[in-house]
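The values are calculated or read from the model by the stated rules, or taken from the named source; none is laboratory data. Being a predicted model, the structure only gives us computed values, none of them experimental. Every residue, glycine as well, gets a Cβ built from its backbone with ideal geometry; the counts of neighbours run over all protein chains shown. Please note that ligands, DNA and RNA were not included when accessible areas were found on the heavy atoms of the full protein model with its side chains. Shrake-Rupley method; radii C 1.70, N 1.55, O 1.52, S 1.80 Å.
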Amino acid sequence: MDLTPYVDNLRQELAVAADAGGDEARALAERLTAPLESATRLTLLNALSAAMGEVTRELAPGSVDVRLRGLDPEFVVTSPPAPEPFPETQAPANAPAAPAPPPPADADDGAMARINFRLPAHLKGRAENAAAAEGLSVNAWLVRAVSTALDGGEHTSSPGRSSNSGSRGFTGWVR
């Protein structure tokens, strides 16, 4: 960032103010502008550093640093690190659920909602085993279990599967 236009603007404003005071004031302003240039640059740099400190607090864990290159400051933006996804098999029991599969064709409104579902470790293991035994993801198995519980115990077939409980084949369209 080039500070020269800002320093020059301050010099002009000082000259305009000194003109109102006559020849002596104008001469004094001219003598003071050269030594004040470095102080002005330092003051602007301090103001920019303070402003970037506030921006950094809002961006945390990202940051914005001000570095001096010659006479002019330079801004260095450091983005926050991207979150690393957890593999489904190693995610802790209280980790957010993986994105839900598309809604079944017979869903009422097709809208999906996300919740955090916490299970004791022994139930999580049992749910994973039951889902694997039926060839489903844990999420799909839980959706079916909740649907069955809310529908009064009626067992509905999984989306994309035939209603024959012994069948392991898939039916439907592929996108």
| Matching residues in segment 130-154 - criterion: being over 34 Å from the mean Cα position of the chain (by Cα) and open to solvent by 40 Å² or more (accessible area, probe 1.4 Å) | Ala133, Glu134, Gly135, Ala149, Leu150, Asp151, Gly152, Gly153, Glu154
| remark: Checking Glu30, Glu24 in turn, the sole residue that is free of Cβ contacts under 8 Å to residues at least 24 places away in the same chain, within 24 Å of Asp2 (Cβ to Cβ) and either of a type outside the set (Asp, Glu) or part of a helix (DSSP H, G or I) (or both) turns out to be Glu30
| said: I'd like to know if segment 97-107 contains one or more residues that are at pLDDT below 80 and either exposed (fewer than 10 other Cβ atoms within 10 Å of the Cβ) or under 30 Å from Tyr6 (Cβ atoms) (or both). | reply: yes
| So Phe117 clears everything in (1) in a loop (DSSP other than H, G, I, E, B); (2) modelled with pLDDT of 85 or more except one condition, right? Which one? | (2)
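Given the condition in contact (Cβ under 8 Å) with a residue 12 or more places away in the chain and charged (D, E, K, R), answer yes or no: does some residue in segment 42-64 qualify?
no
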| If only one of Leu10, Leu42, Leu48 is open to solvent by less than 70 Å² (accessible area, probe 1.4 Å) and part of a helix (DSSP H, G or I), which one is it? | Leu48
| said: Can you find a residue that is modelled with pLDDT under 80, among the aliphatic types (A, V, I, L, M), surrounded by 13 or more Cβ atoms within 10 Å (Cβ to Cβ) and more than 22 Å from Leu3 (Cβ to Cβ) anywhere in segment 65-72? | reply: no
| field | Residues within segment 28-39 that are more than 48 Å from the chain's Cα centre (by Cα) and open to solvent by less than 40 Å² (accessible area, probe 1.4 Å), tallied | value | 1
